[in-house]
Amino acid sequence: MRSTTKLALAAPATCALIFAGATGASADEAYTMSLVDTMGNNSGSKSTAQVTLNGDSMTIKINGTGFTPNSPHAQHFHGSFSDDKDFTCPTSAADADGDGQVNVEEGLPMYGDVMISLTTKGDTSPKSGLAVDRMPVADADGNLSYSRTIELPEGAGAKLRNLHVVQHGLDANGNDKYDMDALGESTFAKSLGVNGIPEEATNPATCGTISGASAGAAPTGGVETGGGSSEGIEAKGSLGLGALALAGAGGLLAFRRRSTVNVEG
Ligand SMILES: [Cu+2]
């Protein structure tokens with residue numbers, strides 16, 4: 001009887017610790033994200049992303065396979081820092097023109113604009129969304145590896161759970177390179193004034209949500225698949241075709257005070 005009482009008393013303390021971790025108040029937060037082809041784009045790519053947050057300092061490590069070899073792969077956190085948006089990873093339902101590929105324009109209403117550009121060096125704002133010269137390059141075997149610590153805009157760390165990672169670039173016709181023969185020219189790049197970019201280079205290859213990631217200060221081997229569900233998906237916002245070129249992060253920093261905290265554990 002007595003030990004039962006002790007157990008009951010112990011529970012709230014455990015909850016409090018988890019809560020502190022989830023808010024980033026006293027400990028690093030860590031997430032292991034599974035990035036997969038939720039779009040049905042036959043990219044053949046998949047990655048695991050490990051994100052560690054300490055306030056607004058984020059360390060992200062991505063390791064993936066099945067990428068277009070010797071080619072750059074743009075990668076971003078997409079979505080919205082706002083709590084009242086429901087952006088998430090697109091499914092094949094986003095393929096509006098039915099060509100078997102969810103391209104950038106078709107994906108944007110579901111996955112939202114670029115919030116953070118996961119470049120290898122220099123600027124990480126949305127302005128660097130198409131900075132392919134600073135994006136990771138897959139090796140000759142199609143393996144991609146990326147690691148960087150990024151100082152996020154003030155307050156962004158607490159809102160990172162609202163975002164998801166998208167990696168771009170696939171090889172639709174299996175000739176180990178980006179070319180016009182498979183899918184033609186990227187209408188998205190063209191809309192931003194950049195001509196001659198193959199659609200293969202800009203189409204999304206993988207996506208994964210933080211909210212669907214396994215959380216905890218010490219990530220275990222268990223990896224959940226990220227965001228393949230169509231539940232709760234709603235096409236919100238404008239197409240925002242100029243989004244990648246959008247003015248700086250300044251406009252993104254009007255964070256609302258968080259009213260609820262999602263606790264996993
Ligand atoms: Cu992106």
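Restricting the search to the stretch 116-130, which residues are closer than 18 Å to Ser47 by Cβ, within 10 Å of the ligand (Cβ to nearest atom) and in a loop (DSSP other than H, G, I, E, B)? Selection gives Leu118 alone. Summed over the stretch 164-218, the residues that are assigned to a strand (DSSP E or B) and more than 13 Å from the ligand (Cβ to nearest atom) give a count of 5.
Considering every residue within the stretch 137-153, establish whether at least one is more than 23 Å from Leu108 (Cβ to Cβ), among the basic types (Lys, Arg) and touching a residue at least 24 places away in the same chain (Cβ under 8 Å). Yes, the stretch 137-153 contains a residue that is more than 23 Å from Leu108 (Cβ to Cβ), among the basic types (Lys, Arg) and touching a residue at least 24 places away in the same chain (Cβ under 8 Å). Is it true that Thr48 is away from the ligand (no atom under 16 Å from the Cβ), assigned to a strand (DSSP E or B) and within 18 Å of Gly169 (Cα to Cα)? Yes: the conditions hold for Thr48. Checked against the criteria, Ala205 counts as buried (at least 16 other Cβ atoms within 10 Å of the Cβ), modelled with pLDDT of 50 or more and closer than 30 Å to Ala140 by Cα. For the stretch 80-115, how many residues are within 10 Å of the ligand (Cβ to nearest atom) and not acidic (Asp, Glu)? Total meeting the criteria: 7. Close contacts from the stretch 91-117, counting a first residue that is over 15 Å from Thr202 (Cα atoms) and charged (D, E, K, R) and a second that is more than 16 Å from the ligand (Cβ to nearest atom) and in a loop (DSSP other than H, G, I, E, B), with Cβ to Cβ under 7 Å and a gap of 6+ residues or different chains, come to none at all.
The values are calculated or read from the model by the stated rules, or taken from the named source; none is laboratory data. In this text the structure is predicted, and so the values were computed from the model without any measurement. Virtual Cβ from ideal backbone geometry, glycine too; neighbours counted across all protein chains shown.
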